[in-house]
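The values are calculated or read from the model by the stated rules, or taken from the named source; none is laboratory data. Quick caveat, the model's predicted, so the values are computed rather than measured. Counting neighbours? That spans all protein chains shown, and the Cβs are built from the backbone with ideal geometry, glycine included. Only protein heavy atoms, including side chains, enter the accessible area calculation; ligands, DNA and RNA are left aside. Shrake-Rupley method; radii C 1.70, N 1.55, O 1.52, S 1.80 Å.
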Amino acid sequence: MKNNKVQKMVAVSLFAAMGLVLQYVGFPIIPAFSFMKVDFSDIPVLLSMFLYGPLAGIVTALIRSVLHLLTTGVGDPANLVGDVASFMATTSFALPIFYFFQKGSQVKAKRVVNQSIGILTGILVMSIFMSIANYFVITPIYLAFFGMNANQFLGMSLAKYVVIGVLPFNLIKSALVSFVFVVLYAKLLPWLSKKQVGTIRHQSL
């Protein structure tokens, strides 16, 4: 049991490290908001969650965000806000997917429906949550750090920025990440299933 727990902790740490590396490999998708970049650091979090349970996935996301904060500079408050936002975005996206994917069924059609609902729910929850968070908390904090208002910093109102920037960005990002995850999940399904039987039911962090 002790060896299994150590193995699990090592695996979670490795997934977090993978997420950190992927977080640095981002690319913009909306030219007007090039500072918002898509990355695939949520994939290791999802894999960790499906292998070892939801708490392990949350811990993976937390370690990834802490490592990113340490490597980008703890002294900059903007980095702290960004990494907290990244952690919240990941968990709001991954948990619904895990929940619906775990609603297994012997009927393939029903299983596909559950997985589709999970993907759509994850995309919508993340996109809506991040839009609300950016409007009321995240972006206002950023603006306060720079001592500017939305029009000065963004060239538009905060509401417009959320509608034409934050919302479509998160919809596109989560859709791309979901596509990659579904492909990986399908390829790794037999192996994941074997690991789940031996670990998810009997281990916890």
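Looking only at the stretch 12-28, decide whether some residue is open to solvent by less than 40 Å² (accessible area, probe 1.4 Å) and free of Cβ contacts under 8 Å to residues at least 24 places away in the same chain. Scanning the stretch 12-28 turns up at least one residue that is open to solvent by less than 40 Å² (accessible area, probe 1.4 Å) and free of Cβ contacts under 8 Å to residues at least 24 places away in the same chain.
Taking the stretch 84-123 as the range and being more than 30 Å from T72 (Cα to Cα), without any contact (Cβ under 8 Å) to a residue 24 or more places away in the chain and of a type in the set (A, V, I, L, M) as the test, the residues that pass are V107, A109, V112, V113, I117, L120.
The residue list F146, F179 contains one member that is under 30 Å from L51 (Cα atoms) and not hydroxyl-bearing (S, T, Y), which is F179. Tell me yes or no: at least one residue of the stretch 151-159 is touching a residue at least 12 places away in the same chain (Cβ under 8 Å), touching a strand residue (DSSP E or B) at 6+ places or on another chain (Cβ under 9 Å) and buried (at least 18 other Cβ atoms within 10 Å of the Cβ). For the stretch 151-159, residues touching a residue at least 12 places away in the same chain (Cβ under 8 Å), touching a strand residue (DSSP E or B) at 6+ places or on another chain (Cβ under 9 Å) and buried (at least 18 other Cβ atoms within 10 Å of the Cβ): absent.
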